[in-house]
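K.L.:
Starting off with a structure, shown below.
Bear in mind these aren't lab numbers, they're just calculated from the coordinates by the rules spelled out. The shown structure was predicted, so the numbers you read here are calculated from the model rather than taken from an experiment. Neighbour counts run over all protein chains shown; Cβ positions are idealised from the backbone, glycine included.
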Amino acid sequence: MALLEIEGLHVEVEGKEILKGIDLVIEPGEVHAIMGPNGSGKSTLSYVLSGREGYEVTAGSIRFDGHDLLEMEADERAVAGIFLAFQYPVELPGVSGMTFLKEAVNARRKAAGEGDIDAMAFLKLVRAKAKGLGITDEMLKRAVNVGFSGGEKKRNEILHMAVLEPKLCVLDETDSGLDIDALKVVSDGVNALRDPARSMLVITHYQRLLNHIEPDKVHVLARGRIRRTGGKELALELEQKGYADFVEAA
Ligand code: ADP
Ligand code: MG
Ligand code: MG
């Protein structure tokens, strides 16, 4: 069974149709990349997967791990194992990173019929994962993303992903604003999470991220639809030719 199955998805934002018939199937263990020009609807797709308000599905379906995703609330989706790392990570003033993570971990455990995680075990787990991502104890104590630099926010998102161990990771332009070193840290963190039971959807405008995170499939999203699908070589072709072939004629 596919982990994610999107069929004929149409989405409107403020009365304007942005996604115009998306079909996408991701099997367990696969890493898919979505590339495309600015404004093509990439972030809209990630927001629809997250269940954000204001994104109206007018046609089509999304099945996730055997469930009708569109019937689920945003928090239910997270508990079911979808994780989204957004282009602009949200700040949560007043909520420390540790508290936020612990609640998220316990919500998932509860859904699986397990009790709360042991406090010491949790601390050990977070510290071990944070170390590999260059995240200090001081950062963990601070409010989530508040006052973090762009690179720190992205690393923090990967930490949350690593601790929560989701079934589907969606990364929306996680590479934007990262220098080469931060890109390497983030990519290594993502690659460490690759697993035969876990799928990833990597959304990016640029090919360079895909030098580090090797996709099984690459899709070009333009003008609200997937216009082409190929292997990782398609990303290299796009790097050379740009998106001119896919952008609406002026
Ligand atoms: P991408 O991530 O590929 O750059 P987006 O999904 O962010 O593209 O945006 C796709 C289109 O939807 C753009 O034309 C954008 O202006 C429009 N759009 C996105 N969000 C809104 C919104 N809240 N209100 C109106 N238009 C929006
Ligand atoms: Mg954009
Ligand atoms: Mg975007």
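K.L.:
Being touching a residue at least 12 places away in the same chain (Cβ under 8 Å) and in contact with a Cys (Cβ under 9 Å, 6 or more places away or on another chain) is the requirement here; does Ala78 meet it?
P.N.:
Spelling it out, it is not the case that Ala78 is touching a residue at least 12 places away in the same chain (Cβ under 8 Å) and in contact with a Cys (Cβ under 9 Å, 6 or more places away or on another chain).
K.L.:
List pairs: first in the range 168-179 and more than 8 Å from Leu84 (Cα to Cα), second within 13 Å of ligand 3 (Cβ to nearest atom) and among the aromatic types (Phe, Trp, Tyr), Cβ under 7 Å, 6+ apart or cross-chain?
P.N.:
Asp175/Tyr206
K.L.:
Please go through the range 175-198 and give me each residue that is within 12 Å of the chain's Cα centre (by Cα) and more than 23 Å from Lys102 (Cα to Cα), ordered by number.
P.N.:
Once the filter is applied, which keeps residues that are within 12 Å of the chain's Cα centre (by Cα) and more than 23 Å from Lys102 (Cα to Cα), the range 175-198 yields only Asp175.
The rows are residues; the columns are (1) under 22 Å from Val186 (Cβ atoms); (2) among the acidic types (Asp, Glu).
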{"site": "Glu5", "(1), (2)": "no, yes"}
{"site": "Gly8", "(1), (2)": "no, no"}
{"site": "Val13", "(1), (2)": "no, no"}
{"site": "Asp23", "(1), (2)": "no, yes"}
{"site": "Ser46", "(1), (2)": "yes, no"}
{"site": "Leu49", "(1), (2)": "yes, no"}
{"site": "Ala78", "(1), (2)": "yes, no"}
{"site": "Leu84", "(1), (2)": "yes, no"}
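K.L.:
Also, quick follow-up: For the range 17-55, which positions are away from ligand 3 (no atom under 16 Å from the Cβ) and more than 21 Å from Gly230 (Cα to Cα)?
P.N.:
Glu17, Gly51, Glu53
K.L.:
So which residues in the range 38-74 are more than 16 Å from Glu14 (Cα to Cα), hydroxyl-bearing (Ser, Thr, Tyr) and under 14 Å from the mean Cα position of the chain (by Cα)?
P.N.:
Hits for the range 38-74 are Ser46, Ser50.
K.L.:
Looking at Leu123, Leu159, can you tell me which residue is over 21 Å from the mean Cα position of the chain (by Cα) and not in a loop (DSSP other than H, G, I, E, B)?
P.N.:
Residue meeting the stated conditions: Leu123.
K.L.:
Give me the residue from the range 162-183 that is outside any loop (DSSP other than H, G, I, E, B), out of contact with any strand residue (DSSP E or B) (no Cβ under 8 Å at 6 or more places or on another chain) and of a type outside the set (D, E, K, R) and, out of that set, farthest from Asn211 (Cα to Cα).
P.N.:
Val163
K.L.:
Go through Gly60, Gly41, Gly51, Gly81 for me and flag whichever is more than 16 Å from ligand 2 (Cβ to nearest atom), out of contact with any Ser or Thr (no Cβ under 9 Å at 6 or more places or on another chain) and within 18 Å of Leu221 (Cα to Cα).
P.N.:
On inspection, the qualifying residue turns out to be Gly60.
Residue by residue, here is whether (1) free of Cβ contacts under 8 Å to residues at least 12 places away in the same chain; (2) of a type in the set (A, V, I, L, M, F, W, C); (3) loosely packed, with under 13 Cβ neighbours inside 10 Å holds:
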site	(1), (2), (3)
Ile82	no, yes, no
Ala85	no, yes, no
Gly94	no, no, yes
Gly97	no, no, no
Asn106	yes, no, no
Ala128	yes, yes, yes
Leu133	no, yes, no
Glu138	yes, no, yes
